[in-house]
Amino acid sequence: MFLKSLLSLLIIIVSSTIAFGQIIVDPTPSPTQLVQNNLIGNGVSVSNITFSGQTSQIGSFDGSSSNIGLPFGLVMSSGNVVDCIPPAQPSIGQFGGPGDPDLLTVAQSVTSNPASGNINVTQDAAILEFDFIPIGDSVRFNFVFASEEYLTYVNTQYNDAFGFFISGPGFAGPFASPAGFPNGAENLAVVPGTAEPITISTIHPGLNAAYYIDNPTGTTHSFNGFTIPISIEFEVVCGQTYHFKFAVSDCQDDFLDTAVFLEGASFSSEAVQVAVATVTGDTAVYEGCTDADFIFSRPVTDTTDTLIINYNITGTATEGVDFGTLVNPVTFLPGEDTVILNLLPTADGVIEPGESVTITAFTISPCGDTIVSSGTVWIFDEPNITIDEQDTTLLCSEDSLLVTAIASGGFEPFTYSWVGSSSTTSNAYVSASTLGPVEYYVTATDQCGYSQTDTVTVTLNQTLLIDSLISYPSAPCNPTGAVAAFVSGQTGQPLYTWTGPGSSTASIDATVWQNISPGWYYFTVTDNVCQLMDSVLVDVDNPPVASFSATPNSGCSPVQVLFTNNSQNAVSYEWNFGGGNIINVNSSASQTQTFTNSTPVTLIATDAGGCADTTAVTITVSPCGCTDPTAENYNPTATIDDGSCTYPVPIVDCPNIFTPNDDGANDLFELYVENALEVELIILNRWGSVMFEKTITGGSSPTWDGTSPGGSPAVGGTYFVKYIVTGVNGDSKIEGHNFLQLVRD
């Protein structure tokens with residue numbers, strides 16, 4: 001016997017930081033349209049669709065921008081479904097409509113609600129019913145339960161209820177079922193993992209809180225609270241007929257509405273399918289660029305066993321030549337619900353028409369029927385890239401012109417290459433300064449490397465021209481420059497404007513501007529059609545540079561100095577030699593002057609425009625003379641020695657007898673010298689032996705005490721005396737000799 005039901009939970013976690021938009025609700029489609037277009041998915045065929053309730057209690061919804069958790073589908077409410085949209089409050093849509101006995105039983109069966117015994121009526125029931133036949137062995141769908149009763153009326157008698165009642169082979173229960181389904185119906189709308197029906201008293205922050213989402217602000221839909229998306233899945237017998245009843249109602253009163261959102265295309269019974277996905281989103285791939293995925297899938301509930309799928313490859317393309325070899329058959333291993341075959345076209349360089357590849361898979365349904373699924377891909381050599389550009393005609397030139405070329409037909413994004421511009425986008429600034437047409441080439445290349453080249457033509461049809469601008473240089477110190485413009489091709493009465501340094505502006509009627517300073521000047525001419533601008537530089541004449549050299553620039557008084565004029569860019573000169581000695585000349589000839597005192601000399605060089613430059617040098621004159629205090633002619637006021645010093649000649653007197661007998665008289669022999677710087681004295685005995693030798697400085701003579709070199713007294717007798725006396729200037733010398741008689745008592 002088949003399992004009564006299988007329940008599984010699909011939880012979608014929604015970040016609180018995501019910004020949502022309002023839900024969209026449309027109550028106009030018929031119940032049949034809503035079931036076929038907004039509920040039923042693959043593998044299910046439906047019939048006998050009926051709806052009980054107000055037509056405004058059922059509709060389609062788009063929740064892709066809201067926080068409801070489902071992208072689109074079918075919505076049923078105990079009130080008007082339009083009141084799901086804020087700022088409406090789904091609490092005033094009382095219709096006074098009947099309830100549903102099955103929903104009353106559901107509401108009364110909630111054992112966790114202490115007020116369940118006080119519930120005795122349901123109202124404003126919305127009931128959708130249909131028969132369906134599945135092609136697989138299971139059916140699933142996704143839903144969200146929402147209510148305005150949250151949270152104020154949790155665990156009260158206002159326990160709004162809903163139910164999903166299934167009748168058919170393998171199902172039996174206490175709820176009503178139509179004729180032909182004698183075993184009754186079973187409610188599948190239970191809290192996952194339990195037998196407790198879903199109401200506001202079984203899913204809330206205090207019970208099964210993992211399934212609850214609070215919505216106090218009601219910015220994307222009007223309900224105070226709602227569940228996360230929940231998935232219902234149950235086993236069926238393929239090919240058999242089942243009956244399904246979706247119902248929702250108010251409980252005990254008809255205020256504060258409750259709704260059920262059913263996800264679009266989720267009511268399905270899947271079998272193995274083959275789909276095709278490509279980079280471009282269509283069925284075209286290109287050699288050397290894009291590839292395609294053939295996606296084989298099977299229901300996620302049927303992944304316990306290995307499944308082998310055989311498929312055929314047909315079409316005009318050849319496997320192994322136009323694309324790589326594909327694995328055949330496809331094998332699903334346990335736990336796998338998807339297998340992908342990647343088709344990579346071969347870049348063969350051969351130009352040929354598009355070629356097709358079709359994969360056809362064959363599976364056997366649980367009913368024994370053969371299910372055929374196929375997908376087709378087309379292989380092309382390269383895309384047809386086109387460039388849309390606009391040629392432009394200008395009546396006036398511009399320094400730069402924005403042109404645009406938009407490529408299409410390839411694989412975005414495109415990069416662009418412009419001849420004459422560094423731009424890599426579809427926009428480029430190009431020059432348009434030459435009369436007539438100018439073509440700019442642009443090449444667009446897609447991400448696969450395919451490219452196309454086109455031209456953008458810019459035609460300049462301008463008559464106004466600035467033929468030339470001329471300038472005259474200005475003096476560096478006075479505004480003596482000038483500019484002039486020559487214009488042709490004017491239309492109407494032109495206006496002229498000059499602007500220059502300091503933001504000064506000349507008359508708008510002037511083509512000539514005189515007596516201006518150096519710098520850039522900008523000329524604008526405006527006629528009845530165009531406005532042109534150009535610029536010209538007013539240069540500056542070379543300024544005068546005053547320069548001279550003095551040879552010598554210092555010396556003893558009087559000193560004669562030669563002044564050499566090295567000035568540049570000057571026509572007149574003023575020399576100031578001090579003491580009122582000023583000379584004005586018109587040539588750069590040298591000047592000679594004699595100075596007895598230190599004097600600053602100034603030169604002013606002036607050009608033809610009256611601009612001047614000044615330079616100066618001080619001639620240093622010093623007192624000269626003999627600066628040596630030992631000289632006979634020493635000059636204490638002189639600061640520079642002129643080499644004129646004179647010195648006295650040394651005077652020498654050599655005694656010829658002395659008596660070293662310690663009587664205090666004539667005990668030492670010495671020379672009597674004057675004007676001496678250094679004295680050298682040598683005494684030898686009769687045999688030529690040196691008895692005494694000494695040199696001293698300071699103007700005195702060495703003294704001999706009459707002893708031998710060994711220290712013993714020399715014997716009396718005759719001795720030979722030799723001397724060298726150097727004068728005080730170090731240059732003059734006197735050499736002499738004499739005989740000395742040493743006498744002892």
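The values are calculated or read from the model by the stated rules, or taken from the named source; none is laboratory data. From a predicted model like this one, the values you see are computed outputs, not experimental measurements. All Cβ positions, even for glycine, are placed from backbone atoms using ideal geometry, and neighbour counts span all protein chains on display.
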Just checking, how many residues over segment 295-323 are surrounded by 14 or more Cβ atoms within 10 Å (Cβ to Cβ) and over 30 Å from Ser231 (Cα atoms)? 8
Can you spot a residue in segment 168-185 that is modelled with pLDDT of 95 or more and within 56 Å of the chain's Cα centre (by Cα)? no
In segment 613-637, residue nearest to Pro600 (Cα to Cα) [restricted to those that are surrounded by 17 or more Cβ atoms within 10 Å (Cβ to Cβ) and small (Gly, Ala, Ser)]: Gly625
So how many residues does segment 704-731 have that are crowded, with 16+ Cβ neighbours inside 10 Å and among the polar types (S, T, N, Q)? 2
Identity of the residue in segment 387-407, of a type in the set (S, T, N, Q) and in contact with a strand residue (DSSP E or B) (Cβ under 6 Å, 6 or more places away or on another chain), that ends up nearest to Asp322 (Cα to Cα): Thr404
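Go through segment 355-414 and give me each residue that's of a type in the set (Val, Ile, Thr) and more than 24 Å from Val442 (Cβ to Cβ). Give the steps one after another, and end with the answer.
First pass over segment 355-414, keeping only residues of a type in the set (Val, Ile, Thr): 357-360, 363-364, 370-372, 376-377, 379, 385-387, 392-393, 403-404, 406.
Passing the criteria: Val357, Thr358, Ile359, Thr360, Thr363, Ile364, Thr370, Ile371, Val372, Thr376, Val377, Ile379.
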What are the residue pairs meeting all of these: first residue in segment 69-82, first residue in the same structural domain as Phe162 (by TED's automatic domain parsing) and on the phi > 0 side of the Ramachandran plot, second residue of a type in the set (Ser, Thr, Tyr) and in a strand (DSSP E or B), Cβ atoms under 8 Å, and 6 or more apart or on different chains? Gly73/Ser60
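What number of residues within segment 436-452 satisfy the criterion of being outside any loop (DSSP other than H, G, I, E, B) and under 16 Å from Pro413 (Cα atoms)? Break it down stepwise before answering.
Step one: filter segment 436-452 for residues outside any loop (DSSP other than H, G, I, E, B), giving 436-445, 451-452.
Now restrict to residues that are under 16 Å from Pro413 (Cα atoms): 442-445, 451-452.
Count: 6.
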Selection count where residues are within 21 Å of Thr526 (Cα to Cα) and surrounded by fewer than 18 Cβ atoms within 10 Å (Cβ to Cβ), scope segment 466-496: 13
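Hey, any hits in segment 517-534 for a residue that's within 29 Å of Glu574 (Cβ to Cβ), over 41 Å from the mean Cα position of the chain (by Cα), loosely packed, with under 14 Cβ neighbours inside 10 Å and at pLDDT 85 or above? Full working, then the answer.
Residues of segment 517-534 that are within 29 Å of Glu574 (Cβ to Cβ), as a first pass: 517-518.
Narrowing further to those that are over 41 Å from the mean Cα position of the chain (by Cα): 517-518.
This time we only want the ones that are loosely packed, with under 14 Cβ neighbours inside 10 Å, so: none.
Within segment 517-534, not a single residue is within 29 Å of Glu574 (Cβ to Cβ), over 41 Å from the mean Cα position of the chain (by Cα), loosely packed, with under 14 Cβ neighbours inside 10 Å and at pLDDT 85 or above.
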Counting only residues that are over 26 Å from Gly409 (Cβ atoms), among the acidic types (Asp, Glu) and in a strand (DSSP E or B), segment 289-326 contains a total of 1
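Would you mind finding the one in Thr393, Thr457, Thr424, Thr463 that is assigned to a loop (DSSP other than H, G, I, E, B), modelled with pLDDT under 85, of a type in the set (S, T, N, Q) and surrounded by fewer than 17 Cβ atoms within 10 Å (Cβ to Cβ)?
On the way: Thr393 fails: assigned to a loop (DSSP other than H, G, I, E, B); Thr457 fails: assigned to a loop (DSSP other than H, G, I, E, B); Thr424 fails: modelled with pLDDT under 85.
One residue alone meets the criteria, Thr463.
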Among the residues of segment 659-674, write down those that are more than 22 Å from Gly698 (Cβ to Cβ) and touching a residue at least 60 places away in the same chain (Cβ under 8 Å). Thr659, Pro660, Asn661
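Here's the yes/no breakdown for (1) in contact with a helix residue (DSSP H, G or I) (Cβ under 7 Å, 6 or more places away or on another chain); (2) crowded, with 20+ Cβ neighbours inside 10 Å; (3) in a strand (DSSP E or B):
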site: Glu186; (1), (2), (3): no, yes, yes
site: Thr194; (1), (2), (3): no, no, no
site: Ala210; (1), (2), (3): no, no, no
site: Pro216; (1), (2), (3): no, no, no
site: Ser222; (1), (2), (3): yes, yes, no
site: Phe234; (1), (2), (3): no, yes, yes
site: Val237; (1), (2), (3): no, no, no
site: Gln240; (1), (2), (3): no, no, no
Matching option when the condition is among the hydrophobic types (A, V, I, L, M, F, W, C), modelled with pLDDT under 95 and either surrounded by 17 or more Cβ atoms within 10 Å (Cβ to Cβ) or not in a helix (DSSP H, G or I) (or both), among Val106, Val82, Val139, Val144: Val139
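Residue by residue, here is whether (1) in contact with an Asp or Glu (Cβ under 7 Å, 6 or more places away or on another chain); (2) at pLDDT 90 or above holds:
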position: Gly502; (1), (2): no, no
position: Ala510; (1), (2): no, no
position: Cys556; (1), (2): yes, no
position: Ile583; (1), (2): no, yes
position: Thr602; (1), (2): no, yes
position: Gly610; (1), (2): no, no
Kindly provide the set of residues from segment 433-448 that are over 30 Å from Val285 (Cβ atoms) and either basic (Lys, Arg) or crowded, with 19+ Cβ neighbours inside 10 Å (or both), ordered by number. Tyr440
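Residues of segment 638-665 being of a type in the set (Val, Ile, Thr) and touching a strand residue (DSSP E or B) at 6+ places or on another chain (Cβ under 7 Å), which ones? Please lay out each step first, then the result.
Restricting attention to segment 638-665, the residues satisfying the condition of being of a type in the set (Val, Ile, Thr) are 639-640, 646, 649, 651-652, 657, 659.
If the condition is that a residue be of a type in the set (Val, Ile, Thr) and touching a strand residue (DSSP E or B) at 6+ places or on another chain (Cβ under 7 Å), then Thr639, Ile640, Val649, Ile651, Val652, Ile657 are the ones that fit.
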Within segment 408-467, which residues are hydroxyl-bearing (Ser, Thr, Tyr) and under 30 Å from Ala485 (Cα atoms)? Tyr429, Ser431, Ser433, Thr434, Thr459, Thr463
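Answer yes if at least one residue in segment 362-377 is farther than 14 Å from Thr453 by Cβ, polar (S, T, N, Q), surrounded by fewer than 18 Cβ atoms within 10 Å (Cβ to Cβ) and not assigned by TED's automatic domain parsing to the domain that holds Pro299, and no otherwise. Let's see the steps before the verdict.
The first filter runs over segment 362-377 and keeps only residues farther than 14 Å from Thr453 by Cβ, leaving 362-377.
Then drop every residue that is not polar (S, T, N, Q), which leaves 363, 365, 370, 373-374, 376.
Okay, now just the ones that are also surrounded by fewer than 18 Cβ atoms within 10 Å (Cβ to Cβ), so 370, 374, 376.
Of the ones still in play, those that are also not assigned by TED's automatic domain parsing to the domain that holds Pro299 are none.
No.
For segment 147-163, name all the residues that are among the hydrophobic types (A, V, I, L, M, F, W, C) and either in contact with a helix residue (DSSP H, G or I) (Cβ under 7 Å, 6 or more places away or on another chain) or outside any loop (DSSP other than H, G, I, E, B) (or both). I'd like the intermediate steps shown before the answer.
At the first step, the residues of segment 147-163 found to be among the hydrophobic types (A, V, I, L, M, F, W, C) are 151, 154, 161-162.
Hits for segment 147-163 are Ala161, Phe162.
Where residues in segment 41-60 are of a type in the set (Val, Ile, Thr) and over 10 Å from Leu74 (Cβ atoms), which of them is surrounded by the most Cβ atoms within 10 Å (Cβ to Cβ)?
Of the residues in segment 41-60, the ones of a type in the set (Val, Ile, Thr) are 44, 46, 49-50, 55, 58.
Next, from what is left, pick out any that are over 10 Å from Leu74 (Cβ atoms): 44, 46, 49-50, 55.
Numbers: Val44: 22, Val46: 16, Ile49: 18, Thr50: 13, Thr55: 13.
For segment 41-60, the residue satisfying everything is Val44.
Restricted to segment 632-665, and to residues that are outside any loop (DSSP other than H, G, I, E, B) and farther than 13 Å from Ser732 by Cβ, which residue is nearest to the chain's Cα centre (by Cα)? Steps first, please.
Step one: of segment 632-665, the residues outside any loop (DSSP other than H, G, I, E, B) are 640-641, 651-653, 657-658.
Then keep just the ones that are farther than 13 Å from Ser732 by Cβ; that gives 640-641, 653, 657-658.
Values: Ile640: 74, Asp641: 77, Asp653: 105, Ile657: 114, Phe658: 112 Å.
Among residues in segment 632-665 that are outside any loop (DSSP other than H, G, I, E, B) and farther than 13 Å from Ser732 by Cβ, the one nearest to the chain's Cα centre (by Cα) is Ile640.
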So, in segment 349-402, exactly how many residues are over 37 Å from the mean Cα position of the chain (by Cα) and either over 30 Å from Thr434 (Cβ atoms) or small (Gly, Ala, Ser) (or both)? 33
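Pick out the one residue from Leu469, Leu537 that is touching a residue at least 24 places away in the same chain (Cβ under 8 Å) and either in a loop (DSSP other than H, G, I, E, B) or under 30 Å from Thr614 (Cβ atoms) (or both).
Values: Leu469 fails: either in a loop (DSSP other than H, G, I, E, B) or under 30 Å from Thr614 (Cβ atoms) (or both).
Step by step, each of Leu469, Leu537 is checked, and only Leu537 is touching a residue at least 24 places away in the same chain (Cβ under 8 Å) and either in a loop (DSSP other than H, G, I, E, B) or under 30 Å from Thr614 (Cβ atoms) (or both).
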Criterion first (touching a Gly at 6+ places or on another chain (Cβ under 7 Å) and in a strand (DSSP E or B)) does Tyr429 satisfy it? no
